[in-house]
Amino acid sequence: MSSLSRRHLFGAAAGLIAAAAAPRVFAQVPAAAPAAAPAGPFVLPPLNYAFNALEPHIDAKTMEIHHDRHHAAYVANLNTVAKTNPQIGTSAVTDVLGNLNALNDDIKFAVRNNLGGHANHTMFWSIMGADGGKPEGEVLAAIDRDLGGLEKFQTDFNAAGGRQFGSGWVFVTIAKEGKLAIETRPNQDTPLMDGKRVLLGNDVWEHAYYLKYQNRRPDYLKAWWNVVNWDEVNKRLAQADGFFR
C-alpha cells in the first residue's frame, strides 16, 4: 500500500477529455490511461482491464464513472492537501491512515475521507477481473478456518454489506495474528485506520451499482462474486504477514 503515496496524479482534465472521446460501443471502451503531466504525489491507478470487462455483473458506464470521476476526485483532493502538507505524500499510506490523530485538525477530515477512499478503491480495482473463479489454496483454507467455509462466508459477507446503512464498505480484514473477519465501515473509512489489513472488500456506495441495480443492493452483492480475482486475493493474503513485521 505504501507505493500509493509515491506515484503521480493523472490530470483530471485529460481524464475527462478521454472519457468524452471514448467510443460509445462498450465492447471497445478501454480502461483509463495515464496523463502526461503529474500534479502531485498521488496518482489514479489505471485499471488492468477494460471498463466493460466485468459485464454483465458491473456495467461499463458504472466502471468509467466510478474510476475516472469518483476515485479521481479523491486523488485530486489529496494532491491539493499535499501542496501545504507534503508529509502525507511522502509517508506510507498505512502509516498516515493508522495515525490520523497525529494530523492537524484542519486536514484530518479531508485526509480521512480522501486517503481512505484512495486506499479502498485501489484495493477494489485490483481484486476484480473478468474471469472470476473460486478461491483455492491458502485463502480457501483461511476462509474455512475463520469464516465457516465459502458458502457461509459469502452469505455472511453479503448480509453485512446489505446491512451497512447508507454509504460504506464491507471488508474481510486480517488481524495481526492472521485471523480473518468480516467487518463494515461507513463512508471511506478503512480497517487500515485500526491497524488491520484488508484481504478484500466491496464498495456499497450507490455510485458503485446504482446505474444497473438501482436500489437492489443485495443483487449487486451477489453478482459481485463473479468478478472477484481470487489469484490477487491469494497474493494479498501471502503479503499480509509482512505488514505486521
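The values are calculated or read from the model by the stated rules, or taken from the named source; none is laboratory data. Since the model is a prediction, treat every value here as computed from it, not as a measurement. Here the Cβ is made from the backbone with ideal geometry for all residues, glycine too, and neighbour counts use every protein chain on show. We work out accessible area using only protein heavy atoms, side chains counted, and drop any ligands, DNA or RNA first. Shrake-Rupley method; radii C 1.70, N 1.55, O 1.52, S 1.80 Å.
Within region 91-126, the only residue that satisfies the criterion of being farther than 20 Å from ASP194 by Cβ and outside any helix (DSSP H, G or I) is ASN104.
A single entry from ASP59, ASP106 fulfils the requirement of being surrounded by fewer than 17 Cβ atoms within 10 Å (Cβ to Cβ), of a type in the set (Asp, Glu) and at pLDDT 95 or above: ASP106. Evaluate the following for PHE165: is it open to solvent by less than 30 Å² (accessible area, probe 1.4 Å), of a type in the set (Phe, Trp, Tyr) and at pLDDT 95 or above? For PHE165, the condition - open to solvent by less than 30 Å² (accessible area, probe 1.4 Å), of a type in the set (Phe, Trp, Tyr) and at pLDDT 95 or above - is not met. Going by what's in this entry, would THR184 be described as of a type in the set (Val, Ile, Thr), under 18 Å from LYS235 (Cα atoms), open to solvent by 10 Å² or more (accessible area, probe 1.4 Å) and not in a loop (DSSP other than H, G, I, E, B)? In short, no. Pairing each residue of region 226-241 that is closer than 25 Å to GLU177 by Cβ and surrounded by 15 or more Cβ atoms within 10 Å (Cβ to Cβ) with any residue that is acidic (Asp, Glu) and modelled with pLDDT of 95 or more, provided the two are 6+ apart or on different chains, yields C-beta distances under 6 Å for LEU237/GLU138. When ARG112 is tested against the conditions (1) open to solvent by 80 Å² or more (accessible area, probe 1.4 Å); (2) over 20 Å from ILE182 (Cβ atoms); (3) more than 20 Å from the chain's Cα centre (by Cα), the lone failure is (3). Among the candidates ALA53, ALA22, ALA35, the residue that is at pLDDT below 50 and within 22 Å of ALA208 (Cβ to Cβ) is uniquely ALA22.
The requirement of being modelled with pLDDT of 95 or more and either charged (D, E, K, R) or in a helix (DSSP H, G or I) (or both) is satisfied by GLU151.
Scan region 191-206 and give yes if some residue there is in a strand (DSSP E or B) and open to solvent by 20 Å² or more (accessible area, probe 1.4 Å), otherwise no. Yes, that holds for at least one residue.
The residues of region 126-158 that are in contact (Cβ under 8 Å) with a residue 60 or more places away in the chain and open to solvent by 50 Å² or more (accessible area, probe 1.4 Å), listed by number, are ALA130, ASP131, LYS134, GLU136, GLY137, GLU138.
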